[in-house]
1. Collect the residues in segment 143-153 that are closer than 26 Å to Pro29 by Cα and either free of Cβ contacts under 8 Å to residues at least 60 places away in the same chain or in contact with a Lys or Arg (Cβ under 7 Å, 6 or more places away or on another chain) (or both), keeping them in residue-number order.
2. Whether any residue in segment 117-131 is at pLDDT 95 or above, surrounded by fewer than 20 Cβ atoms within 10 Å (Cβ to Cβ) and of a type in the set (Phe, Trp, Tyr) is what I want to check.
3. Please go through segment 68-99 and give me each residue that is modelled with pLDDT of 95 or more and either in a loop (DSSP other than H, G, I, E, B) or of a type in the set (Ser, Thr, Tyr) (or both), ordered by number.
4. Against the definition (of a type outside the set (Lys, Arg), surrounded by fewer than 14 Cβ atoms within 10 Å (Cβ to Cβ) and either over 16 Å from Glu2 (Cα atoms) or in contact with a Lys or Arg (Cβ under 8 Å, 6 or more places away or on another chain) (or both)), how does Asn68 come out, yes or no?
5. Tell me the residue from Asn62, Asn97 that is farther than 21 Å from Arg138 by Cβ and surrounded by fewer than 16 Cβ atoms within 10 Å (Cβ to Cβ), please.
6. Of everything in segment 1-50, what is surrounded by 18 or more Cβ atoms within 10 Å (Cβ to Cβ), in contact (Cβ under 8 Å) with a residue 40 or more places away in the chain and under 18 Å from Lys76 (Cβ atoms)? Give them in sequence order.
Amino acid sequence: MEFTIEYTGSSEQKTLIYREDEFSFDMEPWIPGLDFEIAINTLTLTIIDGKVTQFNGFCGLNRTMKANYTVPQSQKGELRVLHPERYWDKSGTHGINKEDWPVYVNIQTGWVCIGNPERKGNAVEFINNCVAVIDDGREFISLWLKPEKLPDI
């Protein structure tokens, strides 16, 4: 699956929350409806008209994930799936990664990284406090999340 970024100067206006009792990420408001879904680990990303509009799902955070990685510089815009029509008629959730990506938590900054925090690419803040990094080959590298509040780890 390939991705593109369109820098528009704005991002989806949603609030990212971490539900400590469920060990999961969620968004408010949640808008029902989708064309298809893609998955990173156990997070499900909603695609509407080729654009990633929201996501949620399980992501247990613990002290073994502590790290000092910093979120890359980004601009606001849209994260889009290249050729979304290839996925419209297929049922189920389409996985980006074959194996689970590592998860890192910077408790000083409040950012969580899912994926490879050291690989470079183009970064877009596609939802408030949600940054995706895509490399020059249009491959998804990492997802950076800063919920309103992290659990105590």
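1. Asp152
2. Looking for residues that are at pLDDT 95 or above, surrounded by fewer than 20 Cβ atoms within 10 Å (Cβ to Cβ) and of a type in the set (Phe, Trp, Tyr), one finds none in segment 117-131, hence no.
3. Across segment 68-99, the qualifying residues are Asn68, Tyr69, Thr70, Val71, Pro72, Gln73, Ser74.
4. Criteria met by Asn68.
5. Working: Asn97 fails: farther than 21 Å from Arg138 by Cβ.
Matching residue, one of Asn62, Asn97: Asn62.
6. Answer for segment 1-50, where residues must be surrounded by 18 or more Cβ atoms within 10 Å (Cβ to Cβ), in contact (Cβ under 8 Å) with a residue 40 or more places away in the chain and under 18 Å from Lys76 (Cβ atoms): Phe3, Ile5, Ser11, Glu12, Lys14, Leu16, Met27.
The values are calculated or read from the model by the stated rules, or taken from the named source; none is laboratory data. Worth saying up front: this structure is predicted, and the values here are computed from it rather than measured. FYI the Cβ positions are ideal-geometry reconstructions off the backbone, even for glycines, and counts take in every protein chain you see.
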